[in-house]
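Working notes, beginning with the structure itself.
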Amino acid sequence: MKKIKQSIKTCKSLKDLEQLRLSLFGKKGFFAAEFAKMKTLPNDEKKDFAQKLNADKDLYLNLLNDKKMILESIAIEKEMKENSVDVTLFNSTPTSGALHPVMQTMDKIIEYFVSMNFSIQEGPLVEDDFHNFEALNLPKYHPARDMQDTFYFEDSMLLRTHTSPVQIRTMLNETPPIRVISPGAVFRRDYDLTHTPMFHQVEGLVVDKAGVVSFANLKYILEDFLKYMFGDVKVRFRPSFFPFTEPSAEVDISCIFCKGKGCRVCSHTGWLEVLGSGVVDPNVFEAVGYKDVSGYAFGLGVERFAMLLHKIPDLRSLFEGDLRLLEQFR
Ligand code: DAH
């Protein structure tokens, strides 16, 4: 027994300790064998024998438990030491950041128009009724002013619903010839697969003396621009309506997913709508006091371009800040 006591004391691992426990308390262990001996003892010796054995049992149980606690705490400490994090360590492989895909797309759009001699003009995000609607030939009863679509403040102020008000600001501040684009954020009450309450547009405006700028110029530059953005696509102009242009056209490109054959993305039409455009309406020139001029304008949604360029199915994912998506644009 002394030997066993010594073995417990010097035991170095939980596994060895378990072996010792089995040799003492297992079915074929020391105590099982001792208690079995009782049967063969004379009755008057049984009581003393059992008492002694039970006392020994308690003693060894305690020895084992104490040793177990010690070995366990040593194991925990060892693991903590091995797996500890040195927060002072210098990370020598830093990962680089990247521009958001919407901003990358914005940059590409701006790059094209700057190369075509357009200058950049920005305007306020909080607009007044006159610049956002009235001067753009969107009179008081126009459905685009609906409370459902627009974030209004008091006193006819609102979050601009498009970048077109920058046209008005530019014309009021400058004299023709004018050749500007206006990139920036716009706001509408919308939220689904292809709409978010905040998104970005790029507006374009060209104004010169009457007769100098025509629909043909608009057609040329937009076609060239769309080929710069999307590569070898077909471009078509479809008659449409905007209050601030007359005539107006929506511009489509042949579907970049099915090459015009028809698929889910293009609703089986073979075409994708990407732009609004037109010849500036005389009412708009009148609102800013311009006479004897002509011009064209266009507007596009940057997120829509980004979605098409990168085949992003849900617009909302662009604004969730999920690094797993954003890292793909590094
Ligand atoms: N402002 C329009 C919109 O938000 C886009 C637009 C269409 C702008 C035609 C224009 C234009 O300048 O000529 O939907």
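The values are calculated or read from the model by the stated rules, or taken from the named source; none is laboratory data. The structure presented is a predicted model; accordingly, all values stated were derived computationally and were not measured. Ideal geometry is used to build each Cβ from the backbone, glycine not excepted, and the neighbour counts take in all protein chains shown. These accessible areas exclude ligands, DNA and RNA; they are computed on the full protein's heavy atoms, side chains included. Shrake-Rupley method; radii C 1.70, N 1.55, O 1.52, S 1.80 Å.
Taking a ≥ b ≥ c as the square roots of the eigenvalues of the Cα gyration tensor of the range 101-329, is the shape rounded (a/c under 1.5), prolate (a/b larger than b/c) or oblate? Oblate is the answer for the range 101-329, as a/c is 1.5 or above yet b/c matches or exceeds a/b. For the range 220-303, trypsin sites (Lys or Arg not before Pro) meeting the loop criterion (DSSP other than H, G, I, E, B) and having at most 14 other Cβ atoms within 10 Å: Lys259, Lys261, Arg264, Lys291.
On the basis of the beta-carbon distance and an R0 of 25 Å, Thr95 and Glu122 show a calculated FRET efficiency of 0.20.
Looking at the range 2-83, the accessible area is 81 square angstrom per residue; that uses a 1.4 Å probe and ignores ligands, DNA and RNA. Close Lys pairs in the range 221-330 (alpha-carbon distance under 19 Å; sequence gap of 8 or more, or different chains): 8. Normalised by the number of residues in the chain, the average gap of Cα pairs under 8 Å and 6 or more apart makes the relative contact order 15 percent. Quick check on the range 180-270: take the gyration tensor over C-alpha atoms, sort the square-rooted eigenvalues as a ≥ b ≥ c, and tell me if it's rounded (a/c under 1.5), prolate or oblate. Here the range 180-270 falls in the oblate category. By the rule of a C-alpha distance below 17 Å, with chain neighbours fewer than 8 residues away ignored, the aspartates and glutamates paired with Lys57 are Glu18, Glu34, Asp48, Asp66. Do any of Lys5/Lys78; Lys3/Lys67; Lys9/Lys68 go past 18 Å between their Cα atoms, and which? In this structure, Lys5/Lys78 exceed 18 Å between Cα atoms. When only alpha carbons are used to place a centre, the range 161-228 and the range 281-297 end up 15 Å from one another. Heavy atoms only, probe 1.4 Å: what % of the accessible area of the range 101-329 goes to carbon and sulfur, would you let me know? After summing per-atom areas, the C and S share lands at 53 percent.
Using a Gaussian network model of the chain in which every pair of alpha carbons under 10 angstrom is joined by a spring, one finds that among Ile253, Ile70, Ile120 the greatest mean-square fluctuation is at Ile70. For the chain, the cysteines with no partner cysteine C-beta closer than 4.7 Å are Cys11. One Cα centroid belongs to the range 124-139, the other to the range 53-91; the line between them spans 74 Å.
If both residues of a DSSP beta bridge must be in the chain, then about 95% of such bridges are antiparallel. The relative contact order of the range 1-80 comes to 35 percent, based on Cα pairs under 8 Å that sit 6 or more residues apart.
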